[in-house]
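This report concerns only the one structure given below.
The values are calculated or read from the model by the stated rules, or taken from the named source; none is laboratory data. On a predicted model such as this, the values are computed, not experimentally measured, just so you know. Cβ placement follows ideal geometry from the backbone for every residue including glycine, while neighbour counts extend to all protein chains displayed.
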Amino acid sequence: MNNSTAVPRLKTLQPARHPAPTVKAQRLTHLIFERPDLDDAARFLSDFGLTISHQDADTLYLRAADPTPYCYRIHRGAQARFLGFGLEVRSEADLDRLAETEGASPVEPITHPGIGKQVRLRDPSGFIVEAIHGQSASDPLPHRSALAFNLADKQPRINKAQRPPVAPPEVLRLGHVVIEVADYQATCAWYTQHFGLIPSDIQVLPDGTPIVTFMRLDRGEIPTDHHTLAIAQGFTATYSHSAYELVDADAVGMGQRVLREQGWQHAWGIGRHILGSQIFDYWQDPWGDKHEHYCDGDIFTSTQPTGIHAVSREAMAQWGQRMPKSFTQPKLTLVNLRALIRNLRHSPDLTLRKLMTLFRLFG
């Protein structure tokens, strides 16, 4: 993963930019979950740094400091599961184009906070994508400024001590979501074709087979996050984690202190990623789903070319704890075992040999 490492060759044509996507998504707006206990969900997410914005008997909405009405929507359900996410598009004409794609809903009014209009789609792995336009902004929430650092050659803080507040960190915005899928090629191609996502970096197995794709928005010369959506080869369609931007590294550190003192389960961190460069820290909610605090991520314009890199446990962080084995271990339930057998038989991207390679690298 450093400059002396040979660049692997990509074995397949996907993931790749699409020459004429249906639309170009502009922003990741929200995530959609089902949970059996909204109160437990609210306790974790409040300690994590989100703010409850709306709630009724069966739906909970939480927001960050940015003007989005909500970034996290939870429906009461019998089981805990991730359903999908929302992407903002530029115009109603974009919604019309998406409504003409296979399996899409008609353009319809949104009944959630912020209203607007939407088209509902399902990707090849079954995740819901709500394409939205015309959502009303909310007033931004106040948050502290980034702390000034005294460096060896620049010392702006004279006669002032650093004292960040001991409190849940203020989440600035929802940054990205990561999913695992069995049908990796088709799912990656669907997002590049229909939403214009650009592969920023691709991680490959020793034989050149792509295994993880970090995808960013295409906003031309407007810089955008290194990845808004990442897709990893798995044995079934599942949520990996979601990430939330904080104002600085002290906020990441304070988040770890507060969440640890509240008794929540730590997953990995603090460290700095290699691809994306974020300073990160991961925590698990009451159902074991991972949520990431981060700051200082890379941003690219549309001209940045795609990078190809070998995948390994060591390729996940520049410094800090090596990624623990528990971070990538799947939940071994009867449902998951059935999905594994089914997808080994039917998915063109999932083979026993690939699973054994992944186990050797990460097991």
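Every condition in (1) surrounded by 14 or more Cβ atoms within 10 Å (Cβ to Cβ); (2) more than 30 Å from Arg35 (Cβ to Cβ) is met by Leu350 except one, and the failing one is (2). Of Ala78, Ala57, Ala99, all but one fail to be modelled with pLDDT under 95, among the hydrophobic types (A, V, I, L, M, F, W, C) and more than 19 Å from Lys290 (Cα to Cα); the exception is Ala57.
Residues in the stretch 218-228 include none that are closer than 22 Å to Gly297 by Cβ, in contact with a helix residue (DSSP H, G or I) (Cβ under 8 Å, 6 or more places away or on another chain), surrounded by 22 or more Cβ atoms within 10 Å (Cβ to Cβ) and of a type outside the set (S, T, N, Q). Among the conditions (1) of a type in the set (Asp, Glu); (2) surrounded by 19 or more Cβ atoms within 10 Å (Cβ to Cβ); (3) part of a strand (DSSP E or B), Glu34 misses just one, which is (2).
Among the residues of the stretch 135-162, those that are surrounded by 10 or more Cβ atoms within 10 Å (Cβ to Cβ) and closer than 30 Å to Leu95 by Cβ comprise Gln135, Ser136, Ala137, Ser138, Pro140, Leu141. Residues in the stretch 305-323 that are outside any strand (DSSP E or B) and either surrounded by fewer than 18 Cβ atoms within 10 Å (Cβ to Cβ) or among the small types (Gly, Ala, Ser) (or both): Pro305, Thr306, Ser312, Arg313, Glu314, Ala315, Ala317, Gln318, Gln321, Arg322. Of the candidates Ser326, Ser302, the single residue that is surrounded by 13 or more Cβ atoms within 10 Å (Cβ to Cβ), touching a residue at least 40 places away in the same chain (Cβ under 8 Å) and among the small types (Gly, Ala, Ser) is Ser302.
Of all residues in the stretch 163-178, exactly one satisfies the criterion of being surrounded by fewer than 14 Cβ atoms within 10 Å (Cβ to Cβ) and either among the β-branched types (Val, Ile, Thr) or more than 18 Å from Ala251 (Cβ to Cβ) (or both), namely Val166.
Number of residues in the stretch 85-117 that are in contact (Cβ under 8 Å) with a residue 24 or more places away in the chain, among the polar types (S, T, N, Q) and touching a Leu at 6+ places or on another chain (Cβ under 9 Å) equals 1.
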